[in-house]
Amino acid sequence: MSSIGFDARDMDFVQNPYPFYRRLRDEAPAYHHEESGLWFISRFTDVERAATDHATFSSSRGNVVIDSPTRVGKTLGSMDPPRHDELRRIIQRSLAPARIEAILPFVREETRARLAAFADNRRCDLVADIGRPILFGALGRMLGLDAVGASKATELTAGLFHQDDGLLGSVLQPEDFQAIFAFLGEEMSKRTVEKGDDLISVLLEAQANGAPLNDQEIVANLSTVLMAGNASIGHFFPNLMHALWLHPDQRRLVREDPSRILAAIEESVRWDTSTQSFARHVMQDVEIAGQRIPAGSRALVLFASANRDERSIPEPDRFDIERKRVRHFGFGLGPHVCAGTQVARAMLREMLQVLLPVMGDFDLDTANAERVKHVMVRGFINLGVEWK
């Protein structure tokens, strides 16, 4: 019988969850956390099953630990096929390659502008001074927000995964969810008068042309773009920089050959993904690693643990941008694989192409950094950077 336990206030887990994940995989691959009632699923093959078997592991009752009724059943992440697939096809059209390419000049120019602003001191915060303004500015442009609107969106999502009720607590206060929905509803109303080439207008046009998409679903999925941008790519950017800082030999490879940037992004999202886990509702009794998980249970599917499972990935703790490509869960898997994967890769590539030649052998102030304190997301609230 394993003596393993999970403490929802454990700051050692916040700093480095990977030793705990290893213990789970070795000792309790289907671990029941009695306090929350959650079942933690940690091995690669079991995570793969949970991510692809929506008849057993459903997202339809929410995909976060404590979900909001405001969004459940309306977003891609909180519904199952076939409705999920129907809606995804509509939303995916709004993320076509041409639309992604259209925001990349902004990403490049804004990255250059951010570096220029700190050219004298050569010191800033990777999160507040570089990552958030660039990435939220780009997401705002995709949504068609003006500067005031983009600033408002940043403000409304500032509390996401920054609550103080433990690692298994709420991701955002209910009133903040409602405020985000109200703000996006107002933005959507503006487009009924004058449509543009932005994501909101594209979804409204699809609706007008008969696509099975109601107003609540449009607003809910727009909120996902904002919040996913914060929780995934927003936190992954400093994780990526942190991984390169920890491994100067790998950073040198990327600097010597910028064509390796995409490989660095891919290995980083496997090695230290910002999206550590998602929740599922167990629809029928199921056996995982010899444990019976009863119908009606809630499961926490640990993507980040599966990404370090030596049963499926050779030397998984080694960070190697020249690694032979492996299947991983950095961007998810199955029906709910991240719809914005190509957007994230493209924006991060553009940022690194500008940042790395200037920052060179940058140094990070990890001693004064603060990490996100939630089981679902790994990232930094602040992380100082300095370069010569």
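The values are calculated or read from the model by the stated rules, or taken from the named source; none is laboratory data. This structure is a prediction, so every number in the text was calculated from the model and none was measured. For neighbour counting, all protein chains shown are included, and Cβ atoms are generated from backbone atoms with ideal geometry for every residue, glycine included.
Worth a mention:
- The C-beta contact set for the range 315-339 (first residue touching a residue at least 12 places away in the same chain (Cβ under 8 Å) and surrounded by fewer than 20 Cβ atoms within 10 Å (Cβ to Cβ), second residue of a type in the set (Phe, Trp, Tyr) and assigned to a loop (DSSP other than H, G, I, E, B), distance under 9 angstrom, 6+ apart or interchain) comprises 338/331.
- Residue that is nearest to residue 262 (Cα to Cα), among those in the range 275-325 that are in a strand (DSSP E or B) and among the β-branched types (Val, Ile, Thr): 275
- Test: residue 308 is touching a residue at least 24 places away in the same chain (Cβ under 8 Å) and touching a Pro at 6+ places or on another chain (Cβ under 6 Å): yes
- One residue stands out among those in the range 50-83 that are free of Cβ contacts under 8 Å to residues at least 24 places away in the same chain and in a helix (DSSP H, G or I): the one that is surrounded by the fewest Cβ atoms within 10 Å (Cβ to Cβ), which is 83.
- Residue 217 vs. criteria surrounded by fewer than 24 Cβ atoms within 10 Å (Cβ to Cβ), within 25 Å of the chain's Cα centre (by Cα) and acidic (Asp, Glu): yes
- Taking the listed residues 259, 232, the one that is hydroxyl-bearing (Ser, Thr, Tyr), part of a helix (DSSP H, G or I) and either modelled with pLDDT of 90 or more or over 30 Å from residue 299 (Cα atoms) (or both) is 259, with no other qualifying.
- Scanning the range 12-45 for residues being in a helix (DSSP H, G or I), in contact (Cβ under 8 Å) with a residue 40 or more places away in the chain and more than 21 Å from the chain's Cα centre (by Cα) gives a total of 4.
- Counting the residues of the range 326-350 that are in a loop (DSSP other than H, G, I, E, B) and at positive phi gives 1.
- Residue check: residue 265 meets all listed conditions (1) crowded, with 18+ Cβ neighbours inside 10 Å; (2) assigned to a loop (DSSP other than H, G, I, E, B) but one, namely (2).
- Qualifying residue in the range 105-117 (condition: over 13 Å from residue 347 (Cα atoms), in contact with a Leu (Cβ under 8 Å, 6 or more places away or on another chain), touching a residue at least 12 places away in the same chain (Cβ under 8 Å) and of a type outside the set (A, V, I, L, M)): no
- Subset of the range 1-30 [closer than 21 Å to residue 64 by Cβ, touching a Gly at 6+ places or on another chain (Cβ under 9 Å) and at pLDDT 95 or above]: 30
- For the range 109-162, a residue qualifies if it is more than 21 Å from residue 184 (Cα to Cα), small (Gly, Ala, Ser) and surrounded by fewer than 19 Cβ atoms within 10 Å (Cβ to Cβ), and the qualifying residues are 113, 116, 117, 119, 128.
- The residues of the range 338-388 that are of a type in the set (Asp, Glu) and either within 18 Å of residue 276 (Cβ to Cβ) or touching a Gly at 6+ places or on another chain (Cβ under 7 Å) (or both), listed by number, are 365, 370.
- Condition met for residue 343 (closer than 17 Å to residue 302 by Cβ, β-branched (Val, Ile, Thr) and out of contact with any His (no Cβ under 9 Å at 6 or more places or on another chain)): no
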